[in-house]
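The values are calculated or read from the model by the stated rules, or taken from the named source; none is laboratory data. All figures in this text were calculated on a predicted structure; none of them were measured in a lab. Every residue, glycine among them, receives a Cβ derived from its backbone with ideal geometry; neighbour counts consider all protein chains shown. The accessibility values were calculated without ligands, DNA or RNA, using every heavy atom of the protein model including side chains. Shrake-Rupley method; radii C 1.70, N 1.55, O 1.52, S 1.80 Å.
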Amino acid sequence: MVPSSKELIEDLLADVLQNSTMEDEEVLLHLLSGLRDKQQGIHRRYINAALHMVGTFEPEVSEVRMPITPVIHNTIKVPHGGIIATIADAAMGGLASRSVPEGFNVVTTNINISYIATTTNKELIARGRFVHKGRQTLVMECDIEDETGRKLAIATASFFVIQRRQS
């Protein structure tokens, strides 16, 4: 008989825990608590849940925050550049999507990031704002910092307005 998904997960989890380091356990706890938050409706998307991303969105500006943990580290134990791009896209795209009429959404068509510094601090903060608001395209910019105000990167992105897909 083929094992169920739950049985496979239980076996895998037991194996991971048997061979885990403290860092492995920290990462597993982070990911599982994010999944639980998704199940409880705290996050709508798995990526936000897995990274513990939270945001606030005003009509003209946004702020997205993410804890810096081993989950997002690169090989030199600082936030991975792709994660910095992800939080920038979330800040800009989240703001852009809230600005379009009901029944529409946006997709990223271009993103450019200039990396300035690294950090070993506790939190990434991305602040997005509009450069241009057109009917079909939006251009945004974003500063990415840590909680001390150290500027880590700047980003710009373009978004195309699309009709929202029916669920």
Where a residue in region 140-167 is over 21 Å from GLY81 (Cα atoms) and its partner, wherever it lies, is open to solvent by 80 Å² or more (accessible area, probe 1.4 Å) and not in a strand (DSSP E or B), with Cβ under 6 Å and at least six apart: VAL161/GLN136
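A quick yes/no check of all residues on (1) open to solvent by 40 Å² or more (accessible area, probe 1.4 Å); (2) not aliphatic (A, V, I, L, M):
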residue: MET1; (1), (2): yes, no
residue: SER4; (1), (2): yes, yes
residue: THR56; (1), (2): yes, yes
residue: MET66; (1), (2): no, no
residue: ILE72; (1), (2): no, no
residue: ILE76; (1), (2): yes, no
residue: ALA90; (1), (2): no, no
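Looking at ARG44, ARG36, which is the one that is without any contact (Cβ under 8 Å) to a residue 12 or more places away in the chain, at negative phi and within 15 Å of the chain's Cα centre (by Cα)? Explain how you work it out, then say what you get.
Details: ARG36 fails: within 15 Å of the chain's Cα centre (by Cα).
Matching residue, one of ARG44, ARG36: ARG44.
Specify the residue that is most open to solvent (accessible area, probe 1.4 Å); the eligible residues are those in region 92-110 that are outside any helix (DSSP H, G or I) and not aliphatic (A, V, I, L, M).
Of the residues in region 92-110, the ones outside any helix (DSSP H, G or I) are 100-110.
Those left that are additionally not aliphatic (A, V, I, L, M): 101-105, 108-110.
On the way: PRO101: 84, GLU102: 177, GLY103: 31, PHE104: 71, ASN105: 42, THR108: 60, THR109: 89, ASN110: 85 Å².
The extreme case among them is GLU102.
Among THR86, THR69, which is more than 30 Å from HIS132 (Cβ to Cβ), polar (S, T, N, Q) and modelled with pLDDT of 95 or more? I'd like the intermediate steps shown before the answer.
Values: THR86 fails: more than 30 Å from HIS132 (Cβ to Cβ).
None of the other options fit; the residue is THR69.
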Scope region 136-161; condition open to solvent by 60 Å² or more (accessible area, probe 1.4 Å), β-branched (Val, Ile, Thr) and closer than 26 Å to GLY103 by Cβ; matching residues: THR137
In region 6-54, the residues that are among the small types (Gly, Ala, Ser) and either exposed (fewer than 12 other Cβ atoms within 10 Å of the Cβ) or in a helix (DSSP H, G or I) (or both): ALA14, SER33, GLY34, GLY41, ALA49, ALA50
